[in-house]
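Down below is the structure, laid out as structure tokens.
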Amino acid sequence: MTERQKSLLLAIVEEYAEVASPVGSSLLAKLFHVSSATIRAEMAELERHGFISQPHTSAGRVPTDKGYRYYVNHLAEATEVPDERRAERALATRVADGGLPERTIRNAVDTLVNLTGNLGLATLGNQLYMSGLSNLFGQPEFMHPGQVQEVAQLLDNLEPWLREAAPNDPLSVYIGRENPIGRNSGCTLIISKFRSPYSDRSYIGILGPTRQSYRDVMSLVTHAGKSLEEALYE
């Protein structure tokens, strides 16, 4: 992938996360200060390699699961912005004020819901805490009954799958069909494993559409895990 194609893909991912509609060549041409024809040629290459797709004729392009995975794998090159730091401080404050362990975890989940607009979840042993269903099903991706059923299947099996699979990475990101359950749900699961005196399999994270502000959400989920460790071991 050329540097321009890489920059173009990153721009498509971020723009689509904001507007929830296919990204056209005219907008990208303005951003990159080149002709629409040049952008269309580059988009054709990205599409040929499976990073973006065209939902219907004459529409713009949207990222595929492969495109999102490329974006996530290259986030280390992105710079942090001040808004991320403010959100992380707000999260840490809410978690620190929790008091009892269950209240602390609920505060962390509720704050993730408020900050990301996704469904928030946490596990502590065999107990699953979840909040923000209305956020999840309010997303434009989940307007069709069949899609809702896929998401429901994922949620029904999430806790037992986490208990069995026990992901060990500090942060795990499952995009679209990478999800071992609900593969057709069109969801992304971002979870952070955190140490807890109450269980050796504790996780916190979000579930939302594949159309995500990945950099912000991944940073917040990571910070939520670290904040919970600090609060629960005080």
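In this structure, is Ala92 surrounded by 16 or more Cβ atoms within 10 Å (Cβ to Cβ), part of a helix (DSSP H, G or I), in the same structural domain as Phe194 (by TED's automatic domain parsing) and small (Gly, Ala, Ser)? Write out each step before concluding.
Values: surrounded by 16 or more Cβ atoms within 10 Å (Cβ to Cβ): yes; part of a helix (DSSP H, G or I): yes; in the same structural domain as Phe194 (by TED's automatic domain parsing): yes; small (Gly, Ala, Ser): yes.
So Ala92 fits the description; yes.
Being among the hydroxyl-bearing types (Ser, Thr, Tyr) and free of Cβ contacts under 8 Å to residues at least 24 places away in the same chain is a condition met by at least one residue of segment 18-35. The residues of segment 144-193 that are closer than 22 Å to Leu228 by Cα and either among the basic types (Lys, Arg) or outside the structural domain of Gln127 (by TED's automatic domain parsing) (or both), listed by number, are Arg163, Lys193. Checking each residue in segment 219-234 for being part of a helix (DSSP H, G or I) and either in contact with a Pro (Cβ under 9 Å, 6 or more places away or on another chain) or of a type outside the set (Gly, Ala, Ser) (or both) picks out Leu220, Val221, Thr222, His223, Gly225, Lys226, Leu228, Glu229, Glu230, Ala231, Leu232.
The residues in segment 12-31 that are part of a helix (DSSP H, G or I) and surrounded by 16 or more Cβ atoms within 10 Å (Cβ to Cβ) can be counted, and the count is 10. Among the residues of segment 199-207, is there at least one that is assigned to a loop (DSSP other than H, G, I, E, B), modelled with pLDDT of 90 or more and buried (at least 20 other Cβ atoms within 10 Å of the Cβ)? Checking segment 199-207: not a single residue is assigned to a loop (DSSP other than H, G, I, E, B), modelled with pLDDT of 90 or more and buried (at least 20 other Cβ atoms within 10 Å of the Cβ). For Ile191, are the conditions met, namely being buried (at least 17 other Cβ atoms within 10 Å of the Cβ) and closer than 16 Å to Met130 by Cβ? Considered against the rule, which asks whether it is buried (at least 17 other Cβ atoms within 10 Å of the Cβ) and closer than 16 Å to Met130 by Cβ, Ile191 comes out as yes.
Restricting to segment 175-198, what's the tally of residues that are charged (D, E, K, R) and outside any helix (DSSP H, G or I)?
Keep residues of segment 175-198 that are charged (D, E, K, R), which gives 177-178, 183, 193, 195.
So of that shortlist, the ones also outside any helix (DSSP H, G or I) come out as 183, 193, 195.
Selection size over segment 175-198: 3.
Does Thr116 satisfy the condition of being in contact with a strand residue (DSSP E or B) (Cβ under 6 Å, 6 or more places away or on another chain), modelled with pLDDT of 85 or more and within 24 Å of Arg215 (Cβ to Cβ)? Considered against the rule, which asks whether it is in contact with a strand residue (DSSP E or B) (Cβ under 6 Å, 6 or more places away or on another chain), modelled with pLDDT of 85 or more and within 24 Å of Arg215 (Cβ to Cβ), Thr116 comes out as yes.
The values are calculated or read from the model by the stated rules, or taken from the named source; none is laboratory data. Computed from a predicted model, the values in this text were never measured in an experiment. No Cβ is skipped: glycine too gets one built from the backbone with ideal geometry, and neighbour counts run over all protein chains shown.
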